[in-house]
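What follows is calculated from the coordinates using simple rules that are stated; it is not laboratory data. Since the structure is predicted, the reported quantities are computational estimates derived from the model, not experimental observations. Backbone-built Cβ (ideal geometry, glycine too); neighbour counts: all protein chains shown.
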Amino acid sequence: MINKPWGTLAGVRPAKLIHRLLDQGLDYTAALRIMQEQRKMSQSKFDLLWNICQVERPFVVESSQPHLFSLYVGIPFCPTRCLYCSFPSHSLTELGKLRGQFIDALLQEIAETGALTQRLGLQPYTVYIGGGTPTSLTAEELERIIMALTIAFPSRWREFTVEAGRPDTLTSAHVDMMAKHGVNRVCVNPQTMHQQTLDLIGRRHSPEDIITAVAAIRQVNIKVLNMDLIVGLPGEDSKMVEESMRQLITLAPENVTLHVFSRKRASRYNEVQADFTLPSPAAVVEMHNMATAVLAQQYRPYYLYRQREILGGLENIGYAMPGTECGYNIAMIEERHHIIGLGGGASSKYIRPDFTLKNMSSPKDVRIYLQRLDELSKRREVELLAIRGPLS
């Protein structure tokens, strides 16, 4: 008897198991039987994974070509640190004075990596500038980074994403500059459309700022807009989540990422959790079921991952209007494709022919990143040479 929807699965990337079964040529019935017998998975979760893998499969096959990689550029600065966040970032008031030195170091890392990958015959598949909040840099600072990327990696990219997750950082200069340089996917992440919750979690913007940011992106015709919502935020109930969903759907983003609140060890919440009341697991499941039902009317799920301490034992799901799926997200989650991480807190994944991998992370602290730049470059070269062979 299945007692938990995910059965015995505890890993972050459950769809990898389905892809392995697809590699063996198994059909739905055979794969379901294996996952129920060996992993005690419910049919509802299996069906979710199976449908996601059908969407992912063309991306997985295409991106698994050994000469392709995706580039992640980490900008470790934010206006403030959100309650739930465990990503590498410094508030601008904390270490913003170092951002000029950081940018100079990042430009050096971009140029060296571009030269190395070109010599090894490696070609970018997607490029993703994340963080932190990249748009916490000025438009001129961010443009320096984008121009360096286009020079160092001159081939055509399938997809170019920039996170503008905090709408209070996004200016008309940012938007115009991104459109000029071919950015075709932008993330504006409200997390909630309720001012009291935004204030509670430490975000210095309003729901109106979100609407303004979306309008600016639509005006320059950037192809894909992603928006994130979090289910299970302190103080929110199902009606509040439903209202956030209603407002988000009205804005018609091409991608929606539905997160579930997770108690992360590196988050500010972990230090002050006694001051907050989270919804019960049953309430979070109810909110999640409602939100996914709303999204299913216009979107289809295209990638999924889980986290430790996630409320209700649930999962984070990316949804997309058909044809707008984020290739970087799929490649990063399914781990069959090299990810080269540059910048503060960036993670790299170097994939072997048997799909085993080597992870390498840059320091989250921008001060340590500046000190270890040469060491990071040497380690990157060692890993890429191990995959591609000696330089000619």
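Quick one: if you stick a label point 7 Å off each Cα along the C-beta vector at Q371 and R218, how many nm between them?
4.9
Just the number, please: percent antiparallel of the DSSP beta bridges in the chain, rounded to the nearest 5.
Percentage antiparallel, nearest 5: 35.
Take the eigenvalues of the Cα gyration tensor for the range 64-343, scale each by 5, and report the square roots as semi-axes in whole Å, largest first.
30, 21, 19
Going by Cα centres, the range 189-203 and the range 298-354 are how many Å apart?
Each part's Cα centre sits 24 Å from the other's.
Given Cα pairs under 8 Å that are at least 6 residues apart, what percent is the relative contact order of the chain? Numbers along the way, then the final one.
Details: 702 pairs, mean separation 78.7, N = 392.
Relative contact order comes out at 20 percent.
Taking every alpha carbon pair in the range 291-392, what does the distance histogram look like in 5 angstrom bins from 0, in percent?
Taking every Cα pair in the range 291-392, the percentages come to 2, 10, 16, 15, 16, 14, 11, 8, 5, 2, 0.
Filter the trypsin sites (Lys or Arg not before Pro) in the range 269-371 down to the DSSP loop ones having no more than 14 other Cβ atoms within 10 Å, then list what survives.
R308
Per residue of the range 357-362, what does 6.51 cos²θ - 1.76 cosθ + 1.60 with θ = phi - 60° give for ³J(HN,Hα)? Whole Hz please, x for Gly and Pro, Karplus curve as stated.
Result, rounded to whole Hz: 9, 10, 8, 9, 10, 7.
Tell me, what is the percent relative contact order of the range 141-267, built from C-alpha pairs under 8 Å that lie six or more residues apart?
24
Quick one: among A283, A215, A105, which has the greatest mean-square fluctuation in a GNM of the chain with alpha-carbon springs under 10 angstrom?
Greatest mean-square fluctuation among the candidates belongs to A215.
Any idea which of P253, Y305, N221 is furthest toward the positive side of the dipole for the chain, if Lys and Arg beta-carbons carry +1 and Asp and Glu beta-carbons -1?
Going by the Cα projections, it comes out as Y305.
Taking the Cβ-Cβ separation of Q36 and S64 as r and a Förster radius of 30 Å, what is the calculated FRET efficiency to the nearest 0.05?
0.60
For q values of 0.18, 0.20, 0.31 Å⁻¹, compute log₁₀ I(q)/I(0) with the Debye formula on a Cα-only model of the range 15-56, without solvent.
Taking Cα atoms of the range 15-56 as identical point scatterers yields -0.40, -0.50, -1.25.
For every helix of n ≥ 4 consecutive DSSP H residues, a contribution of -39,500 (n - 2.57) applies; sum these over the chain, divide by its total residues, and give [θ] at 222 nm rounded to the nearest 500 deg cm²/dmol.
The helix contribution divided over the chain gives -13500 deg cm²/dmol.
Mind checking which lysines have their C-alpha under 28 Å from K223, skipping anything on the same chain fewer than 8 residues away?
K180, K349
Over the chain, with a Gaussian network built from C-alpha contacts below 10 Å, which listed residue (V382, V224, V241) shows the highest mean-square fluctuation?
V382
Based on the mean of other beta carbon atoms within 10 Å per residue, what is the order of 369-375, 204-210, most packed first?
The most tightly packed comes first, giving 204-210, 369-375.
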